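Notes for the one structure printed next.
Computed from the coordinates by the stated procedures, all read-outs in this text should not be read as laboratory data. This is a predicted model, so every value here is computed, not measured. No Cβ is skipped: glycine too gets one built from the backbone with ideal geometry, and neighbour counts run over all protein chains shown.
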Amino acid sequence: MIENKRVAVVLPAYNAAKTLRATYEEIPKDIVDDCILTDDASADETVKIAADLGIYTIRHERNLGYGGNQKTCYRAALDRGADIVVMLHPDYQYTPRLVTAMAAMLASGHFDAVLASRILGKGALAGGMPLYKYIANRGLTAIENLLLGVKLSEFHTGYRGWTREVLETLPLDACSNDFVFDNQMIAQVLHYGFRIGELSCPARYFAEASSINFSRSVVYGLGVLETAIKFRLHRTGAIRSPLFPLLADRRL
């Protein structure tokens, strides 16, 4: 716990057998109260390894997609009493050692959401991020900052933390079950006026680390642009998007 707040780490997993153990071993157990893995119908031994490690595990009988997997993660964390939830990929791309810093930022009361940025410092290229992904990341982030009215270094990290209030407020079921879920979630955080903090995070790129291919990256990029445009049009009153309902209209 930190500041008497219960901390949970959620691991949305798909074929993570080769990297799960290394990821789990670096999670700071001194402050983490609960570790939850949701397996999205993996074809490897992810579930068996999770059981060997003693991780609380939920398994989907069919693949729900990256966003659908996170929805299960967050529901489980709230049901199990988490006050702070850090989402960490079990592919060992991001260092689990930053969970403590992220949880502390949320427990401080200064931030409602925390993003671990690969762009702050030299984490992305130094860790092996492909140049085309780096350029796309910077370009999309610039457009999103303009349309969403913020100044973040990166919208596309898969390492992020939330307070319980954020997860109870956001209409996550309105978000996609695909990769653009991550981006839609940040847009919702901004829509409801929650405060986002960032910290620098090194990242590793290697064969076993999860990564989407070029065609899926294009689909993701188009979804990111669509989300930012919908946010801006909704904010100006030109449209009403189900991604951004008023609190009074939101289904609880």
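Once the convex hull of the C-alpha atoms of segment 1-139 is built, how many Å³ does it hold per residue, rounded to a whole number? Don't skip to the end; give the middle numbers.
Working: hull volume 17.7 nm³, N = 139.
About 127 Å³ per residue, rounded to a whole number.
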Notebook entry, point to check: Points 7 angstrom from Cα along the Cβ direction at Ala238 and Lys122: gap in nanometres?
Noted result: 4.1
Next item on the list: Please work out the FRET efficiency for the pair Glu165 and Ala142, using the Cβ-Cβ distance as r and a Förster radius of 25 Å; give the result to the nearest 0.05.
Entry: 0.25
Notebook entry, point to check: Can you sort Phe179, Phe244 so the residue with the fewest Cβ neighbours within 10 Å comes first?
Noted result: Phe179, Phe244
Note to self: Sequence gap at least 6, Cα distance under 8 Å: using those rules, report the relative contact order of segment 94-177 to the nearest whole percent.
What the structure shows: 40
Notebook entry, point to check: Of the residues Ser176, Ser241, Ser117, which exhibits the maximal mean-square fluctuation in a Gaussian network model of the chain defined by a 10 Å Cα contact cut-off?
Noted result: Ser241
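So between Asn63 and Ala41, what do we pick up on full extension, going 0.36 nm a residue minus the alpha carbon distance?
On the way: separation 22, 0.36 × 22 = 7.92 nm, distance 0.52 nm.
Extending this stretch completely gives an extra 7.4 nm.
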Check: Calculated from DSSP H runs of 4 or more alone, at -39500 (n - 2.57) each and per residue, what is the 222 nm mean residue ellipticity of the chain, nearest 500?
Finding: -12000 deg cm²/dmol
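Restricting things to Cα coordinates, could you compute the convex hull volume per residue of the chain in Å³?
Working: hull volume 30.8 nm³, N = 252.
Per residue, the Cα convex hull of the chain comes to 122 Å³.
Percent relative contact order of segment 1-120, based on C-alpha pairs within less than 8 angstrom and at least six residues apart? Provide the component values of the computation, followed by the final result.
On the way: 210 pairs, mean separation 42.8, N = 120.
Contact order relative to length: 36 percent.
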Item checked: Radius of gyration, Dmax [segment 68-212; alpha carbons; angstrom] -> 14.6, 41
Margin query: Could you tell me the relative contact order of the chain? Use alpha-carbon pairs under 8 Å, at least six residues apart, and round to a whole percent.
Written below: 22
Note to self: Please compare each pair in Lys5/Lys230; Lys48/Lys122; Lys29/Lys230; Lys29/Lys133; Lys18/Lys133 to a cut-off of 31 Å on the Cα-Cα distance and tell me which ones are over it.
What the structure shows: Lys5/Lys230; Lys48/Lys122; Lys29/Lys230; Lys29/Lys133
